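S.K.: Pasting a structure here, questions to come.
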Amino acid sequence: MKHFAEAYVMSSEDAENIVQDVFMEFWERKELLMEHRHPVGFLFTAVKNRSLNFLRRRMIEQQAAERIQEAFLLELRMSLDSLEALNQNLLSEQEIEQIVTRALLSLPEKCREIWIRSKIEGKKQKEIAAELNISVHTVETQIGIAYRKLKAELKKYFILLLLFSI
């Protein structure tokens, strides 16, 4: 019976397990085997059916593994394409500086001054308010305005926006 199963599943170990499972099931249900006129034929049919079920399950597992691998390769390709596109769009340090300078110069004078003191010089809002003799609320408002305008100005430079939001 093992050789019979092995002809289906092409693996000695799997064939042995299939035959063992069939014999265990029939040992637990001896009365079922004794009712048949041809118990050996019945056992061979059970081994054949178990072998076919084993092959179906293997085929489904193989298909699932292939789909998972295809999805992984697609995700990997997308990541690689994204990194290549990013690499092509990287700007030199001078270009970035020019873009940021232009964006900052597009801000109204007081707004630019408050934003530079806050984000570039690292001063606290209370400190800026005291230096410029304005309220903390005005400083907060001006920083918000600066963010919105810089965001609009730098929208095509997404990476720069990420750097400014840190």
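The values are calculated or read from the model by the stated rules, or taken from the named source; none is laboratory data. Keep in mind the model is a prediction, meaning the values are calculated, not measured. Heads up, the Cβs are rebuilt from the backbone with ideal geometry, glycines too, and the neighbour counts pull from every protein chain shown. Surface accessibility is based on the protein's heavy atoms, side chains included, excluding ligands, DNA and RNA. Shrake-Rupley method; radii C 1.70, N 1.55, O 1.52, S 1.80 Å.
S.K.: For region 94-115, indicate whether the set of residues that are in a loop (DSSP other than H, G, I, E, B) and hydrophobic (A, V, I, L, M, F, W, C) is non-empty. Spell out the reasoning first.
M.R.: First, the residues of region 94-115 that are in a loop (DSSP other than H, G, I, E, B): 106-108.
This time we only want the ones that are hydrophobic (A, V, I, L, M, F, W, C), so: 107.
Yes, the conditions are met somewhere in region 94-115.
S.K.: Further question on the same structure: Name the residue that is modelled with the lowest pLDDT, counting only residues in region 87-120 that are under 37 Å from the mean Cα position of the chain (by Cα) and among the hydroxyl-bearing types (Ser, Thr, Tyr).
M.R.: Ser92
S.K.: Show the residue pairs that are 6+ apart or on different chains and have beta-carbon atoms under 7 Å apart, the first residue being within region 1-27 and outside any helix (DSSP H, G or I), the second being at pLDDT 95 or above and open to solvent by less than 50 Å² (accessible area, probe 1.4 Å).
M.R.: Met1/Val19; Met1/Val47
S.K.: Can you spot a residue in region 26-47 that is touching a His at 6+ places or on another chain (Cβ under 8 Å), at pLDDT 95 or above and open to solvent by less than 90 Å² (accessible area, probe 1.4 Å)? Spell out how you get there, then give the answer.
M.R.: In the first step, residues of region 26-47 are kept if they are touching a His at 6+ places or on another chain (Cβ under 8 Å); the result is 42.
Those still in the list that are at pLDDT 95 or above too: none.
The answer is no, given that none of the residues of region 26-47 is touching a His at 6+ places or on another chain (Cβ under 8 Å), at pLDDT 95 or above and open to solvent by less than 90 Å² (accessible area, probe 1.4 Å).
S.K.: Six or more apart or on different chains, Cβ atoms under 9 Å: show the pairs whose first residue is in region 138-151 and touching a residue at least 40 places away in the same chain (Cβ under 8 Å) and within 9 Å of Cys111 (Cα to Cα) and whose second is outside any helix (DSSP H, G or I) and open to solvent by less than 50 Å² (accessible area, probe 1.4 Å).
M.R.: none
S.K.: Taking the options Lys123, Lys149, Lys155, name whichever one is buried (at least 18 other Cβ atoms within 10 Å of the Cβ), under 43 Å from the mean Cα position of the chain (by Cα), under 30 Å from Glu95 (Cβ atoms) and not acidic (Asp, Glu). Break it down stepwise before answering.
M.R.: Details: Lys123 fails: buried (at least 18 other Cβ atoms within 10 Å of the Cβ); Lys155 fails: buried (at least 18 other Cβ atoms within 10 Å of the Cβ).
Residue meeting the stated conditions: Lys149.
S.K.: Which condition number does Glu84 fail, the rest of (1) modelled with pLDDT under 90; (2) of a type in the set (Asp, Glu); (3) closer than 30 Å to Glu16 by Cβ being met?
M.R.: (3)
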